[in-house]
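Encoded as structure tokens, the structure appears first; notes follow it.
The values are calculated or read from the model by the stated rules, or taken from the named source; none is laboratory data. Given the structure is predicted, the values throughout are model-derived calculations rather than measurements. Glycine also receives a Cβ, built like all others from the backbone with ideal geometry; neighbour counts cover every protein chain displayed.
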Amino acid sequence: MKLISVIVTTYNWPEALRACLESLFAQDDRHFEIIIADDGSTQDTHDLVQTLKSQSPVPLKHAYQADKGFRAGTIRNKAVALSAGDYLVFLDGDCIVFPDFIQKHRELAESGFLYRGIVFY
């Protein structure tokens, strides 16, 4: 089974990030990692990530860059460089996912193709 890397972009909204990460912690499929792509958040976000690392059922990494304006693309690239997965999923830090989110992406994954969109129930 191939490893999926979920890259979660965030900026200064730790409450939303917590909800997002808790939804990822509740996944049925646990063969994935999470990389937080932090575009210059304050210490509150850093502290939250450090706390949640110990609670995470999957590897959790934190890519950070200083706040020099909106540079989400740059921090996503840094997060990709930290990833170990064979398949990348990009998620905004204010999104809450269903427990089968990773499973559905695994089912849709196909080498050489990009899957884009949101699955609604």
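Could you check the range 63-93 and list, in sequence order, the residues that are of a type in the set (A, V, I, L, M) and part of a strand (DSSP E or B)? Across the range 63-93, the qualifying residues are 63, 88, 89, 91.
Scanning the range 88-121 for residues that are of a type in the set (Phe, Trp, Tyr) and closer than 19 Å to residue 25 by Cβ gives 90, 98, 101. Filtered by the rule that a residue be at pLDDT 95 or above and either of a type in the set (D, E, K, R) or in a loop (DSSP other than H, G, I, E, B) (or both), the range 1-11 gives 3, 11. Residues that are basic (Lys, Arg) and at pLDDT below 95 were ranked within the range 60-79; the one that is farthest from the chain's Cα centre (by Cα) is 68. Looking at 5, 23, just one residue is small (Gly, Ala, Ser), closer than 19 Å to residue 106 by Cα and surrounded by 21 or more Cβ atoms within 10 Å (Cβ to Cβ), and that residue is 5. Contact map, the range 29-55: first residue over 14 Å from residue 8 (Cβ atoms), second residue among the hydrophobic types (A, V, I, L, M, F, W, C) and surrounded by fewer than 13 Cβ atoms within 10 Å (Cβ to Cβ), Cβ cut-off under 6 Å, separation 6 or more or different chains; pairs are 31/1; 40/66. For the range 12-59, filtering for residues that are under 13 Å from the mean Cα position of the chain (by Cα) and either of a type in the set (Phe, Trp, Tyr) or part of a strand (DSSP E or B) (or both) leaves 8.
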